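Working notes for the structure below.
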Amino acid sequence: MTVIIAAKLTGDTAAFTKSLQDRADEYRKIGERSRERGALHHRFGIGDGFILINDEWESAEAFEKFFADPELQKFIGSVGGDTNTAPEIIIVESIDSPEKF
């Protein structure tokens with residue numbers, strides 16, 4: 001059974017959005033590493049002063065291990081994420097439903 005992750009990180013959304021273009025190759029490499037470690041789906045969103053990560057992973061443990069990596073945390077801080085404020089992370093069991101698409 002997979003898990004769905006919603007992680008809300010406080011940060012500079014303008015700097016983050018700019019980094020998506022300026023550092024695209026780094027994001028691609030991180031995406032490759034995440035898939036190797038159990039990520040199945042990934043998307044970003046931005047709101048007023050925060051970045052939202054919406055993922056699906058093979059397990060909560062796989063996500064938690066990946067997300068805790070010091071190099072990833074350093075990268076998050078360098079692209080506008082506030083690493084001094086703990087992110088709000090919600091992990092739930094993924095379930096099937098008739099209207100799923």
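Evaluate the relative contact order of the chain (contact order divided by residue number), counting alpha-carbon pairs under 8 angstrom at least 6 apart; express in whole percent.
Normalised by residue count, the contact order of the chain is 47 percent.
Can you list the HN-Hα couplings for the range 94-100, worked out from phi with the Karplus curve (6.51, -1.76, 1.60; θ = phi - 60°), rounded to whole Hz and with x for Gly and Pro?
Using θ = phi - 60°, the values come out as 7, 10, 8, 8, x, 9, 4 Hz.
All other residues with a Cβ under 13 Å from the Cβ of Leu40 taken together, and with Lys, Arg as +1 and Asp, Glu as -1, what is their net charge?
Once positives and negatives cancel, what remains is -1.
Per residue of the range 24-41, in order, report the coupling 6.51 cos²θ - 1.76 cosθ + 1.60 (Karplus, θ = phi - 60°) as ³J(HN,Hα) in whole Hz, putting x for Gly and Pro.
Couplings: 4, 4, 5, 4, 4, 5, 5, x, 4, 5, 5, 5, 5, 9, x, 6, 10, 9 Hz.
Enumerate the calculated ³J(HN,Hα) couplings along the range 45-59 in order (Karplus 6.51 cos²θ - 1.76 cosθ + 1.60, θ = phi - 60°), each rounded to whole Hz, writing x wherever the residue is Gly or Pro.
Whole-Hz 3J(HN,Hα) from phi for the range 45-59: x, 10, x, 6, x, 8, 10, 10, 9, 10, 10, 10, 10, 5, 7.
What net charge do the residues around Pro87 carry, taking every other residue with its C-beta under 13 Å from that of Pro87, with Lys and Arg at +1 and Asp and Glu at -1?
Overall, the nearby charge balance is -3.
Pick from Gly47, Gly81, Gly11: which is most flexible by mean-square fluctuation in a GNM of the chain where alpha carbon atoms under 10 Å apart are linked?
In this elastic network of the chain, the residue with the biggest mean-square fluctuation among Gly47, Gly81, Gly11 is Gly47.
Read the figures in this text as sums done on the coordinates, not as results from a lab. Note that the structure is predicted; figures quoted are calculated from it, not measured. All Cβ positions, even for glycine, are placed from backbone atoms using ideal geometry, and neighbour counts span all protein chains on display.
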